[in-house]
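The values are calculated or read from the model by the stated rules, or taken from the named source; none is laboratory data. Since the structure is predicted, the reported quantities are computational estimates derived from the model, not experimental observations. FYI the Cβ positions are ideal-geometry reconstructions off the backbone, even for glycines, and counts take in every protein chain you see. Ligands, DNA and RNA are excluded from the accessible area calculation, which covers all protein heavy atoms including side chains. Shrake-Rupley method; radii C 1.70, N 1.55, O 1.52, S 1.80 Å.
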Amino acid sequence: MEAEGYVSLREFTEADAEALLEWASDPRVVRFQRRDAYTHVDEARRYIIDHVLPFCRTRGTAPSAASLGYLVARAHWGRGVATRAVSAAAEAVFAEWPWLVRLEAIADVENPASQRVLEKAGFTREGVLRRYVVLKGRPSRDVVMFSFVRGDGEVKPAEVATHS
Amino acid sequence: MEVTLRRFDLSDVDAMMAWASDPEAAAFCRWEPYESTEHLLAFIRDTVLPHPWFRAICLAGDSRPVGAVSLVPTADACRGELGYVLARAHWGKGVATAATKRALTTVFGEVPGLERVEAFVDVDNPASQRVLEKAGFRREGLLRRHYWHKGRVRDLVIYSFISSDLLLG
């Protein structure tokens, strides 16, 4: 039996379309996402097939920096799910991509909950970037930029307690 | 310092070699210095001429280019990335600042949907940081390990100039 609050990450499959639709159709969840909310499971299925599954394959390049994004269904807010998912994702991606040096994420200036997720997951706040993204065709938004670089959060030898 | 900006022409290749072949001018640029006009000609033909926004920097009253300034599209239509390079003979005279200021007065009108011009400068390039500050950019923060440049991972300073900044004069 896993501990309360345990989160695991796995790859998407086409069978996840219904579950994906549940959050991808919720305006509260997709408020700060570039795309409009989905209204039909076919949109969710197309997104998985055309965008998510190809994305999961090795792309033949080795970028030193990557960008992280996350969405959680409304029913699971307020319990640390996103924070644990982000921490798990950061650990996994730095392990799987030895060439990765920097992981970054942006959060809307009006989304303090998402900013707290990144702070609690150990990301460093770097600054406010003005008019950085366009959301759903509306005027552009200011965002806060966060990063986690390889080596962040690692316990340095001097900080390890020794017991005599 | 007065400058004008114009589109490049294949015939600019020799003037362009002055900075494109210079390792010092190219030190903080993404590209390696050019060794032959043949490769530079291909660059003008394949990248510069079809580019959405790439301009030659000319000193007032002189039609020969002394550098280049460009705006590169990003993942979002609202923001473009500004870059510039200047022949070393014209450093320290305010040319890059003047070219940047002139670019800012033009791009918001010429590039559809543009609201933000951003620029990334190496932490070890204070001269270029001053160019942007004098041109009215705002320093937004330090992006750690942001860029793998010529064999090393670099911290970059990010600057921006948004369309409403034009009203600040």
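In Å², and per residue, what accessible area does the protein assembly as shown have when probed at 1.4 Å with the other protein chains present? Present the calculation step by step, with values, prior to reporting the outcome.
Numbers: 18690 Å² over 333 residues.
Heavy-atom accessible area per residue stands at 56 Å².
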Carbon and sulfur atoms account, in whole percent of the 1.4 Å probe accessible area of the stretch B:2-112, for 54
Counting only DSSP loop positions in the stretch A:21-107, the trypsin sites (Lys or Arg not before Pro) whose Cβ has at most 10 other Cβ atoms within 10 Å are A:Arg28, A:Arg57, A:Arg59
Comparing A:Phe94, A:Phe55, A:Phe32 in a Gaussian network model of chain A (Cα, 10 Å), the one with the largest mean-square fluctuation is A:Phe55
Comparing each residue of the stretch B:134-163 in the complete protein assembly with the chain by itself (heavy atoms, probe 1.4 Å, ligands and nucleic acids ignored), those losing at least 40 Å² of accessible area are B:Glu140, B:Leu143, B:Arg144, B:Arg145, B:His146, B:Ile162
For the stretch A:7-162, the percent of accessible surface on carbon and sulfur atoms (probe 1.4 angstrom, ligands and nucleic acids excluded) is 54
Hydrophobic long helices for chain A, i.e. whole DSSP H runs reaching 30 angstrom or more by Cα along the axis with Kyte-Doolittle mean at least 0.5, come out as none
Within chain B, excluding any GluC sites (Glu not before Pro) found in a DSSP loop (not H, G, I, E or B) and having at most 12 other Cβ atoms within 10 Å, the longest uninterrupted segment runs B:36-169
Summing -39500 (n - 2.57) over every DSSP H run of at least 4 residues in chain A and dividing by its residue count gives a helix-only mean residue ellipticity at 222 nm, to the nearest 500 deg cm²/dmol, of -7500 deg cm²/dmol
Trypsin sites (Lys or Arg not before Pro) in the stretch B:1-83 lying in a DSSP loop, each with at most 10 other Cβ atoms within 10 Å of its Cβ, come to B:Arg30
The stretch B:114-169: relative contact order from alpha carbon pairs under 8 Å, six or more residues apart, as a whole percent, is 44
Between chains B and A, the summed loss of accessible surface on complex formation, probed at 1.4 Å and reported to the nearest 100 square angstrom, is 1800
Kirkwood Rh over alpha-carbon pairs of the stretch A:7-162 plugged into Stokes-Einstein at 20 °C, 1.002 mPa s gives a D in µm²/s of 125
Residues whose built amide H sits under 5 Å from the amide H of B:Arg145, excluding neighbours closer than 5 in sequence, are B:Asp155, B:Leu156
If exposed means GluC sites (Glu not before Pro) lying in a DSSP loop and surrounded by at most 14 other beta carbons within 10 Å, then the longest stretch of chain A lacking such sites spans residues A:12-109
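Return the loop-located chymotrypsin sites (Phe, Trp or Tyr not before Pro) in the stretch B:1-85 (DSSP other than H, G, I, E, B) with at most 12 other Cβ atoms within 10 Å of their own Cβ; answer none if there are none. Spell out each step's value before the answer.
Details: sites: B:Phe8, B:Trp19, B:Phe28, B:Trp31, B:Tyr34, B:Phe43, B:Trp53, B:Phe54, B:Tyr84; in loops: B:Phe8, B:Phe28, B:Trp31, B:Tyr34, B:Trp53.
Sites meeting the loop and neighbour criteria: B:Trp31.
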The ³J(HN,Hα) series, computed from each phi in the stretch B:15-20 with the Karplus coefficients 6.51, -1.76 and 1.60 at θ = phi - 60°, rounded to the nearest Hz and given as x for glycine or proline, is 4, 5, 4, 4, 9, 5
Asserting the computed 222 nm helical MRE of chain B (DSSP H runs at least 4 long, -39500 (n - 2.57) per run, divided by residue count, to nearest 500) equals -7000 deg cm²/dmol
For the protein assembly as shown, the percent of all C-alpha pairs falling in each 20 Å bin, from 0 up to the bin holding the max distance, is 25, 51, 22, 2
